[in-house]
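Trainee: My questions will all concern the structure given below.
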Amino acid sequence: MPSSVIAAMSYNDEGRILTLVYRGNRGVYRYFNVPPEEFAAFCAAPSKGVYLNEVFKIKQYHYERIANRQLSSHHQPGDS
C-alpha cells in the first residue's frame with residue numbers, strides 16, 4: 001500500500017537498521033537496533049504514518065539523519 005509519508009525504505013537484518021526516505025523535504029533517516037518483528041509490523045501496518053507516530057516513534061529508537069544520500073536498493077511500502 002502506498003504511503004503519503006514514506007517514499008521508500010530498506011531494512012538491514014544483520015545490522016537491525018531501518019532506513020526511511022520521507023516524502024517531500026523531510027529527509028532520509030536511519031534508525032538503529034530495530035528488531036525484525038518491528039520492521040514486519042511496520043510493513044504490515046495499513047497506515048505507515050499512523051504506525052510511525054503512534055507506535056514506532058514512542059519507542060525512541062536511536063536515529064540519524066542522512067544528508068544527500070540515495071538508497072541503492074529499496075523496498076516500497078506495501079511491497080512483499
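The values are calculated or read from the model by the stated rules, or taken from the named source; none is laboratory data. Not measured: the values here are computed from a predicted model. All Cβ positions, glycine included, derive from the backbone under ideal geometry; neighbour counts span all protein chains shown.
Trainee: Mind telling me which of the residues Ile66, Ile17, Ile6 ends up being of a type in the set (Val, Ile, Thr), at pLDDT 95 or above and in contact with a Phe, Trp or Tyr (Cβ under 8 Å, 6 or more places away or on another chain)?
Mentor: Result: Ile17 is the single residue among Ile66, Ile17, Ile6 that is of a type in the set (Val, Ile, Thr), at pLDDT 95 or above and in contact with a Phe, Trp or Tyr (Cβ under 8 Å, 6 or more places away or on another chain).
Trainee: Looking only at strands (runs of 3 or more DSSP E) that lie completely in segment 5-57, which have at least 3 residues being in contact (Cβ under 8 Å) with a residue 60 or more places away in the chain?
Mentor: Correct list: 6-12.
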